[in-house]
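Here the structure comes first, spelled out in structure tokens, and everything after it is commentary.
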């Protein structure tokens, strides 16, 4: 018996919506979604993976359709308290959204590769980061390099 594997590259809201559409027509064992980790960064001691989180929340049916990112019915007590203390609040982390970021920070100290981590809420899906190593986005042009 042959198996037709559908591989989708996912980045941002569009990639998450593509993965959701594919998940409705492709059997879970035949779908592999490769999540972008090139935009991951460290913030407040947490490992932030915006594209991976968007994919995870969208596939689990927990996404915030109004904002296009984050979790539905999110609360912002953590960020409000941080801002009140004069802390960095340029990147909005919802109270529920902090949990996977904190778990990834814990996981990064352990030897298991990112591709082996199964921290997703929701139905079973094949989802992998495109690299087990930390990767940073960078743009080069006119002799100057910019990146994280």
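Annotations
- Here residue 27 does not qualify as within 14 Å of residue 100 (Cα to Cα) and either surrounded by 18 or more Cβ atoms within 10 Å (Cβ to Cβ) or without any contact (Cβ under 8 Å) to a residue 40 or more places away in the chain (or both).
- Helices (runs of 4 or more DSSP H) wholly inside segment 22-113 that include at least 2 residues being at pLDDT below 85 and either in contact with a strand residue (DSSP E or B) (Cβ under 9 Å, 6 or more places away or on another chain) or under 27 Å from residue 7 (Cβ atoms) (or both): 98-108
- Residue check, residue 7 touching a residue at least 24 places away in the same chain (Cβ under 8 Å) and in contact with a helix residue (DSSP H, G or I) (Cβ under 7 Å, 6 or more places away or on another chain): no
The values are calculated or read from the model by the stated rules, or taken from the named source; none is laboratory data. Source: prediction; values computed, not measured. No Cβ is skipped: glycine too gets one built from the backbone with ideal geometry, and neighbour counts run over all protein chains shown.
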